[in-house]
Amino acid sequence: MNAVSAQVNRRRTFAIISHPDAGKTTLTEKLLLFGGAIQLAGAVKARGDQRRAHSDWMKVERERGISVTASVMTFNFDNKTFNLLDTPGHEDFSEDTYRVLTAVDSAVMVIDAARGIQEQTRKLFEVCRLRDMPITTFINKMDREAQDPFDLMDEIEQNLQIEVTPASWPIGMGSSFLGCYDIINDQLILMDKARRGEKPYQIETCEGLEDQKLDALLPEYSLKILRQEIELVKGLCPEFNRDAYLSGNLTPIFFGSAINSFGVSELISGLSKNAPPPRPQPAIERKVNPDDKKVSGFIFKIQANMDPRHRDRMAFLRLCSGHFKRGMKLKNIRNNKQISLHNAVLFLARDRELAEDAWAGDIIGIPNHGNLHIGDSLTEGEALHFSGLPSFAPEHFKAARPEDPMRAKHLSRALQQLAEEGAVAVFKPHIGSDWIVGAVGILQFEVMADRIRTEYEVPTLFEATSLITARWVETENATDLKNFIRKNEGAIAVDHRGDPVFLARNTWHLDRTQEDWPQIVFSKTKEQIR
Ligand code: G4P
């Protein structure tokens, strides 16, 4: 094994997917606590608030109590380095979430034990499935009245069409939740409620469920039920099979209570043992193996103005191969420009530190002034274009123009930057002087309007439009495209990269145009490959 492989194999880069309120923040915090990255419960939220206070536009987040921005948290456990990528909780920012999911190798799906699978869980699960991503399930809030565990397993299996197998099995629920039986290691893990918030465990190893030791540890009735249920589970569910998990066909289920730190340690141990190290990443030219010697990676997120005084932009690079060293020069394949990476950073739970060394699977932040875009591929020289980072056709539109016409250029620059960051879609129609701003979710407008006002200081008027959707238009034959554009001039715009887009006034308009122009491909998504 070469030095790169040894480092790569120690890495676990993952995200948590869930419906808002299922307990993602609480679980994140407990993972960091167990990983020794923070000392106190509550630190993640405090840090979040602190970070939010840095930037004015994030007031929108604060006022609405939602987490819009995604960040990266690194911690160590069991001699492994875990990179946890946070995803925005609100569905209006799902585009950001999709992009974050392209940068991870596996996901933890958190489900509220009382609510089961919810809408957002399902949507995010589908994105993971498209990438055959291994998923570990954590059924949270077992300390509350919950659905029957068999029903929950059934719901996951039926609803998400994935095989399930419990890694642990709950003993009781709500106020009579006593703990779990660890099916994989044959041990009993009892919850010590008195030490809530720490690592309130009492682990009893036993030789299977018939071990007489258990009689002294559990009430007779609970033990009887446990024995019956485990027997049933073993008859109903397949044994854990790592290959089936790695190919995304089987999800191991852990039951727990994040707020009581219960089940968290078993979850991380499970990830440490079974979650995949960095996987090969698809590029148009070839698959890129993480232990290739040369460094490569792609930008999946840009976060601007984390510090508004400096107008800084942080580009998040997922390293796909090689050993990154501070001071290295990488080439941006989009424009063939070299960049020297002296001040790239790694994100720890509390802080950032200069990235001296990093390996495939790690995420490094590159401060820049706008020369890096989402979807950019960086390499030591080889022309590689990483694929799979989509833009989605917006479904909400507003026309934008500056209150002061003399400031049109300023507005244009602001919109261009916001579009490069992936915050909104921006279109310049062939006819007319307004810009059209498009969003996948309504809240994106609020955040954008706030940012244009506070960061770019361009008073802007936003007006409703009658548009319903946009489609990128393409064809192999340049003359066909030219004709199409000429005949439909009133509905044509270009996006921030200069690619032509058809803006539809209503479904009929879209359907009719598609029927009339069969030689044109109308796309709902656009790969961000440059
Ligand atoms: P999210 O990031 O997925 O949106 O969820 P978050 O962790 O913020 O949790 C949502 C609510 O559920 C919080 O309560 C949190 O305390 C609670 N919660 C999380 N895990 C558990 C658990 O294992 N058991 C129980 N009983 N509750 C849990 P809140 O009242 O909305 O917020 P807070 O005031 O407690 O912060």
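Some notes on this structure:
- All positions within segment 94-119 that are within 27 Å of A315 (Cβ to Cβ) and part of a helix (DSSP H, G or I): S94, E95, D96, T97, Y98, R99, V100, L101
- Of all residues in segment 145-170, those satisfying the criterion of being away from the ligand (no atom under 16 Å from the Cβ) and part of a strand (DSSP E or B) are E163, V164, T165, P166, W169.
- Number of the exception - K80 against (1) at pLDDT 55 or above; (2) touching a Pro at 6+ places or on another chain (Cβ under 7 Å): (2)
- Only residues that are closer than 27 Å to I162 by Cβ and among the aromatic types (F, W, Y) were counted across segment 216-251, and they come to 2.
- The set of residues from segment 206-233 being under 26 Å from S272 (Cβ atoms) and surrounded by 15 or more Cβ atoms within 10 Å (Cβ to Cβ) comprises C206, L209, I230, V233.
- Residue identified as at pLDDT below 50, surrounded by 15 or more Cβ atoms within 10 Å (Cβ to Cβ), hydrophobic (A, V, I, L, M, F, W, C) and within 12 Å of the ligand (Cβ to nearest atom) among I66, I17: I66
- Some residue of segment 260-273 being hydroxyl-bearing (S, T, Y), over 19 Å from V110 (Cα atoms) and either assigned by TED's automatic domain parsing to the domain that holds F138 or buried (at least 24 other Cβ atoms within 10 Å of the Cβ) (or both): no
- Some residue of segment 316-335 being among the hydrophobic types (A, V, I, L, M, F, W, C), under 25 Å from L84 (Cα atoms) and modelled with pLDDT under 95: yes
- Pairs meeting the criteria (first residue in segment 227-256 and more than 25 Å from L214 (Cβ to Cβ), second residue among the small types (G, A, S) and within 16 Å of the ligand (Cβ to nearest atom), beta carbons under 9 Å, at least 6 apart or on different chains) are lacking.
- Pick from segment 436-452, criterion surrounded by fewer than 24 Cβ atoms within 10 Å (Cβ to Cβ) and of a type outside the set (A, V, I, L, M), ranking: farthest from R471 (Cα to Cα): D450
- Among the residues making up segment 126-144, those that are within 15 Å of the ligand (Cβ to nearest atom) and either surrounded by fewer than 24 Cβ atoms within 10 Å (Cβ to Cβ) or modelled with pLDDT under 95 (or both) are D143, R144.
- The set of residues in segment 210-249 that are over 30 Å from I135 (Cβ atoms) and of a type in the set (D, E) comprises E210, D211, D215, E220.
The values are calculated or read from the model by the stated rules, or taken from the named source; none is laboratory data. Quantities reported herein were computed from a predicted structural model and do not represent experimental measurements. Quick reminder, even Gly has a Cβ in these numbers, built from the backbone with ideal geometry, and neighbours come from all protein chains shown.
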